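*Asks:* Just dropping this structure here.
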Amino acid sequence: MEYISDKFVKLVERNAHQLADNWLQNVRKHPTTPTYHTFDEKVLHRRAFLVYSQLGKWMSRDTTKEQIEKFYVSLGKERRKEGFALSEVLQALIITRRHIWFKVQAEGLFDSALELHSAIELINRVILFFDRALFYTAVGYETDE
């Protein structure tokens with residue numbers, strides 16, 4: 001039996017290129033992400049693809065809060081150095097999460113009441129991951145070095 005969390009991760013990772021394409025189109029025209037409009041398109045796509053293609057790793061119970069903290073603090077520092085406003089970086093992460101849910105809805109991953117019930121823990125894990133990513137990105141962005 002395949003768990004809903006496995007189905008979810010496979011769906012996202014299998015569609016990582018499409019998700020990254022959709023994300024890129026969105027951030028390149030969204031009014032709250034102006035630096036993304038002119039930043040190197042290939043670099044942006046590669047970054048989004050890495051998030052989507054490695055979501056299973058990030059969502060794994062083997063991945064610690066400290067690993068997420070280290071990665072996203074570093075990401076925040078890097079985005080500040082690249083000239084992104086903190087609000088833009090956080091909005092880009094929110095858009096990343098939104099595109100995952102758009103795909104899940106489009107694919108009807110949670111069709112039955114049983115699957116919806118089983119999905120509650122998964123949804124909470126996804127939210128927790130992105131909440132941590134947002135917070136630690138802000139921490140890294142605001143850290144003076």
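The values are calculated or read from the model by the stated rules, or taken from the named source; none is laboratory data. All values reported here derive from a predicted model rather than from experimental measurement. Neighbour counts are summed over all protein chains in view; Cβ atoms, including those assigned to glycine, are modelled from backbone coordinates with ideal geometry.
*Asks:* Hey, among Ser74, Ser60, Ser87, Ser53, which residue is touching a residue at least 40 places away in the same chain (Cβ under 8 Å), within 24 Å of Leu122 (Cα to Cα), of a type in the set (Ser, Thr, Tyr) and surrounded by fewer than 19 Cβ atoms within 10 Å (Cβ to Cβ)?
*Replies:* Residue meeting the stated conditions: Ser53.
*Asks:* Related question: Please enumerate the residues belonging to the range 25-45 that are assigned to a helix (DSSP H, G or I) and either within 18 Å of Leu90 (Cα to Cα) or in contact (Cβ under 8 Å) with a residue 60 or more places away in the chain (or both).
*Replies:* Answer for the range 25-45, where residues must be assigned to a helix (DSSP H, G or I) and either within 18 Å of Leu90 (Cα to Cα) or in contact (Cβ under 8 Å) with a residue 60 or more places away in the chain (or both): Gln25, Asn26, Val27, Pro34, Thr35, Tyr36, His37, Thr38, Val43, Leu44, His45.
*Asks:* Quick check on this structure: which one of Glu82, Glu66, Glu13 is on the phi < 0 side of the Ramachandran plot and without any contact (Cβ under 8 Å) to a residue 24 or more places away in the chain?
*Replies:* After applying the criteria, what remains is Glu66.
*Asks:* Looking at the range 115-141, I want the residues that are on the phi > 0 side of the Ramachandran plot and have a partner that is at pLDDT 85 or above and surrounded by 16 or more Cβ atoms within 10 Å (Cβ to Cβ) with Cβ atoms under 9 Å, at least 6 apart or on another chain. Which pairs are those?
*Replies:* From residues that are on the phi > 0 side of the Ramachandran plot, there are no pairs.
*Asks:* Based on what the data block shows, is Glu82 more than 18 Å from the chain's Cα centre (by Cα), surrounded by fewer than 19 Cβ atoms within 10 Å (Cβ to Cβ) and modelled with pLDDT of 95 or more?
*Replies:* In short, yes.
*Asks:* Identify, from the list Val89, Val51, Val27, the residue that is modelled with pLDDT of 95 or more and more than 16 Å from Tyr141 (Cα to Cα).
*Replies:* The conditions single out Val27.
*Asks:* For the range 60-81, which positions are aliphatic (A, V, I, L, M) and more than 22 Å from Val12 (Cβ to Cβ)?
*Replies:* Of everything in the range 60-81, just one residue is aliphatic (A, V, I, L, M) and more than 22 Å from Val12 (Cβ to Cβ), namely Val73.
*Asks:* In the range 46-67, which residue that is assigned to a helix (DSSP H, G or I) and of a type in the set (D, E, K, R) is nearest to Asp131 (Cα to Cα)?
*Replies:* Ranking the candidates gives Lys65 first.
*Asks:* Something else: Any idea which of (1) within 25 Å of Val9 (Cβ to Cβ); (2) among the charged types (D, E, K, R); (3) outside any helix (DSSP H, G or I) is the one Arg97 doesn't satisfy?
*Replies:* (3)
Listed here are the residues, each with its yes/no results for (1) aliphatic (A, V, I, L, M); (2) at pLDDT 80 or above.
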| position | (1), (2) |
| --- | --- |
| Lys70 | no, yes |
| Lys77 | no, yes |
| Phe110 | no, no |
| Glu121 | no, no |
| Leu128 | yes, yes |
